[in-house]
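Q: Take this structure first; my questions come after.
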Amino acid sequence: MMQKKFAYFIALLGICCCTACYKDKGNYNYHPINEVAVSQFDTVQGYLVYIADTLKVSPVVTGTLDKEGTAGYSYEWSYETQDFVSTVISTEKNLRYAITLLPGNYSLRLKVTDNASGVLYHFRANLQVSTAVYEGYLVLNEVNGHSRLDMLSYQTNTQQFTQITDVLQKMASSLPQQGSPVNIFCMQSSVTATADGNSYKIYLSSSSGTNNLNSETFDYEAKQNISYEMIGDVPQDFTASNFFGTFRFGVIPTMYMVADNNVYIRTNSYPAFPYVPLNAYAGALPFKASPYIVGDPNYCMIFNMDKRTFTRTPSFSANYVEDMAPGLNFPTGKDLVYMEMSYSGVIHAILKDPSTGAYSIIRFLLGTTPTYNDVITATDFDKATHYAMSPDRGYLFYSVGGKVYEYDLSLKTAKLMLDRGSEEVTYLAFPNFFYRTTKTTYTSWANLLNIGWYNAAGTAGANGTLEQYNVPQVNGQITLANQWTGFGKITSIAYRERR
């Protein structure tokens, strides 16, 4: 009986299927929809706007069934942050938005809804909110005994630099007039960048003291003096002669500050610089430290000018130093003339024998035995005033008055590259970029030799020139890449970076 019922069920199912197939003749009524397109909304180049400007976009909306763009549509404009937070700013077709956003990169989004079909269409473009001082070289000059900060502001949309003379005056900064210039230094100071500028530092040091400028507006208030970033009884005119920083993505930034031959350290663990010198052996008084220091996120090296020996902190958290282990064969008994670490981690140190006056140079990686240690046989090297190591070629550049030489460590020969007669080289360096590995422009610029020239016979405040040179292989003649005039006596240069 059960088998009969099952057979009956199968037969009935077959009849239903056949009936369904018979009724479906494949005759459907397809109705094309109005597919929407937008023009005059730049989804390729995007938009660059400045704070307080009004962003204006007037899109033209058409459809495949609406060639004239007369159909009914609804609109929604929004921007999205890099943290994927979206904010609606308009529901009008034509966008008119007064920019109050903090500087940075955003995604500008337009949603168009076809009211007849209810179909929603999405369009997006890059939006960069900027200021006149968003990014670029900060050039600290001396003009009539005082500091003047100029800027080569980089415009990402044109890929050109705009020169701004006295950028603090241009930005109506409240920083009082400063004494003679000492140093300008820029660096991100926390793991996560914030748009308010508090996570990025711009320190301007002069004979008047060291002050931190607002990194977005360059404005200033009294609490931005370096003394407010230090723990201890710090004098108001405390002046840092040098800064050095280590920063890698996801790693706590570490900043070292040198003042009066003392070294101070700040990490994210310490939001301020303890007014306790790092240049001391455990349980001993501080020694006289060289202003040239090198390091990485793990530890740093400091040169003891009293003992004429290299020292290092034993760990990241240590607040004292130890002499380099004897087995590493670091030179002792010589004076440190200059030291720098390139972006590849290679360190060069120039030393002078106080008894013979002979100069030598060593090359090493942090904490390892020097792989090069030899005397310098270069023309007029005893008269040199500025030094710079080519990070990609390994040549030592040095200046004597208005002359610039290139010294080959392998051939032990010096070649005169530039001779400007009565002009004086006041600045010589290869720029440091913390974000060099993430931005191709920085990668290229890091290999350019920067030279600051000063013509004492010229008009004060306009008698300085900044030049950048390409450094070829095989001791080839350096070639001019960029030149800007109208500076004062250039003392220090730093680049205000953007990720």
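The values are calculated or read from the model by the stated rules, or taken from the named source; none is laboratory data. Since this is a predicted model, take the numbers as computed values, not measurements. Cβ coordinates were reconstructed from backbone atoms using ideal geometry, including for glycine residues, and neighbour counts include every protein chain displayed. Please note that ligands, DNA and RNA were not included when accessible areas were found on the heavy atoms of the full protein model with its side chains. Shrake-Rupley method; radii C 1.70, N 1.55, O 1.52, S 1.80 Å.
Q: Suppose every K and R has +1 on its Cβ and every D and E has -1 on its Cβ; what is the size of the dipole of segment 166-229 about the Cα centre, in Debye to the nearest 20? Can you show the working numbers first?
A: Numbers: 3 positive and 6 negative charges, 25 e Å.
Approximately 120 debye in magnitude.
Q: Summarise the accessible area of the chain (1.4 Å probe, protein heavy atoms) by the percent that is carbon and sulfur. If you can, show how the numbers build up before the last one.
A: Numbers: 12430 of 24200 Å².
That share works out to 51 percent.
Q: Translational diffusion coefficient of the chain at 4 °C, 1.567 mPa s, Stokes-Einstein with Kirkwood Rh over Cα pairs, in µm²/s as a whole number.
A: Values: Rh = 26.8 Å.
Rounded to a whole number, D works out at 48 µm²/s.
Q: Once the Cα gyration tensor of segment 169-234 is diagonalised, what are the square roots of 5 times its eigenvalues, in whole Å and ordered largest first, as equivalent ellipsoid semi-axes?
A: Over the Cα atoms of segment 169-234, the semi-axes work out to 19, 16, 11 Å.
Q: Might you tell me the accessible area per residue for the chain, computed with a 1.4 Å probe and given in Å²? Don't skip to the end; give the middle numbers.
A: Working: 24200 Å² over 499 residues.
With all protein chains present, the chain gives 48 Å² per residue.
Q: At 222 nm, what value in deg cm²/dmol follows for the chain if DSSP H runs of at least 4 each add -39500 (n - 2.57) and the sum is divided by all its residues, to the nearest 500?
A: Values: 3 runs with 32 residues, N = 499.
Counting only the DSSP helices, I get -2000 deg cm²/dmol.
Q: Turning to a different aspect of this structure: Can you give the Rg/Rh ratio of segment 356-401, where Rg is from the C-alpha atoms and Rh is the Kirkwood radius?
A: Radius of gyration over Kirkwood radius for segment 356-401 works out to 0.99.
Q: Order these peptides, 111-117, 323-329, 486-492, 132-138, by their mean beta-carbon neighbour count within 10 angstrom, highest first. Kindly include the intermediate steps, with their values, before the conclusion.
A: Working: 111-117: 16.1, 323-329: 12.4, 486-492: 22.9, 132-138: 21.0.
So the peptides 111-117, 323-329, 486-492, 132-138, ranked by packing, come out 486-492, 132-138, 111-117, 323-329.
Q: Using the C-alpha atoms of segment 425-478, what convex hull volume per residue, in cubic angstrom, is computed? List each step's numbers first, then the result.
A: Details: hull volume 5.4 nm³, N = 54.
Each residue corresponds to 101 Å³ of Cα convex hull volume.
Q: Next up: Against the 2.2 N^0.38 Å scaling, with N counting residues, where does segment 332-443 land? I'd like the Cα-based Rg ratio to two decimal places.
A: Numbers: Rg = 14.7 Å, N = 112, 2.2 N^0.38 = 13.2 Å.
Relative to the rule-of-thumb radius for its length, segment 332-443 sits at 1.11.
Q: How large, in Å, is segment 27-88 by the Kirkwood hydrodynamic radius built from its alpha-carbon pairs? Please report the intermediate quantities before stating the final value.
A: Details: mean 1/r = 0.0674 Å⁻¹.
Result for segment 27-88, one decimal place: 14.8 Å.
Q: Count the net charge of all other residues whose Cβ sits under 15 Å from the Cβ of ASN319, scoring Lys and Arg as +1 and Asp and Glu as -1.
A: On the way: positive: ARG266, ARG312; negative: GLU322.
Once positives and negatives cancel, what remains is +1.
Q: Next question, about the same structure. At 7 Å along the Cα-to-beta-carbon direction for both ASP419 and THR64, put a label point, then send me their distance in nm to one decimal.
A: With each label point 7 Å from Cα toward Cβ, the separation is 7.5 nm.
Q: Quick one: net charge around ALA378, please, counting Lys, Arg +1 and Asp, Glu -1 for every other residue with C-beta under 10 Å from its C-beta.
A: -2
Q: Another question, if that's okay. Specify the angular offset, from 0 to 90 degrees and rounded to the nearest 10, of the alpha carbon long axis of helix 2-23 from the longest principal axis of the alpha carbons in the chain.
A: Helix 2-23 sits roughly 80 degrees off the main axis of the chain.
Q: I've got another one for you. Taking the Cα centre of segment 77-168 as the origin and placing charges on Cβ (Lys, Arg +1; Asp, Glu -1), which of GLY118, SER147, ASN105 is farthest toward the positive end of the dipole?
A: Looking along the dipole axis, the top candidate is GLY118.
Q: How about LYS352: which aspartates and glutamates have a C-alpha closer than 12 Å to its C-alpha, ignoring those fewer than 8 places off in the same chain?
A: Here the aspartates and glutamates satisfying the reach criterion relative to LYS352 are ASP335, ASP374, ASP382.
Q: I'd like to know how segment 196-240 sits against the 2.2 N^0.38 Å rule of thumb: what's its Cα Rg over that expected value?
A: Cα Rg divided by the expected 2.2 N^0.38 Å: 1.10.
Q: Could you calculate the contour length gain from GLU322 to THR379, that is, 0.36 nm times the residue separation minus the distance between their Cα atoms, to one decimal place in nm?
A: Details: separation 57, 0.36 × 57 = 20.52 nm, distance 3.62 nm.
Difference between extended and current length: 16.9 nm.
Q: Distance cut-off 29 Å, Cα to Cα: go down the list LYS288/LYS415; LYS170/LYS489; LYS201/LYS489; LYS93/LYS201; LYS288/LYS383 and report the pairs above it. Display every interim value, and only then the final one.
A: On the way: LYS288/LYS415 35 Å; LYS170/LYS489 20 Å; LYS201/LYS489 24 Å; LYS93/LYS201 41 Å; LYS288/LYS383 24 Å.
In this structure, LYS288/LYS415; LYS93/LYS201 lie more than 29 Å apart at Cα.
Q: Give me the three principal axis extents of segment 111-191 from the C-alpha atoms, as integers in angstrom, largest value leading.
A: Principal-axis extents of segment 111-191 (Cα, largest first): 72, 30, 24 Å.
Q: So what does the Cα-only Debye profile of segment 53-109 read at q = 0.13, 0.20 Å⁻¹, as log10 I(q)/I(0), no solvent term?
A: Computed log10 I(q)/I(0) values: -0.42, -0.81.
Q: Binned at 10 Å from 0, what are the whole-percent values of the Cα-Cα distance distribution for segment 363-499, short to long?
A: 11, 38, 35, 14, 1
Q: How many nm separate the modelled label positions at LEU120 and SER74, each set 7 Å beyond the Cα in the direction of the Cβ?
A: 1.0 nm
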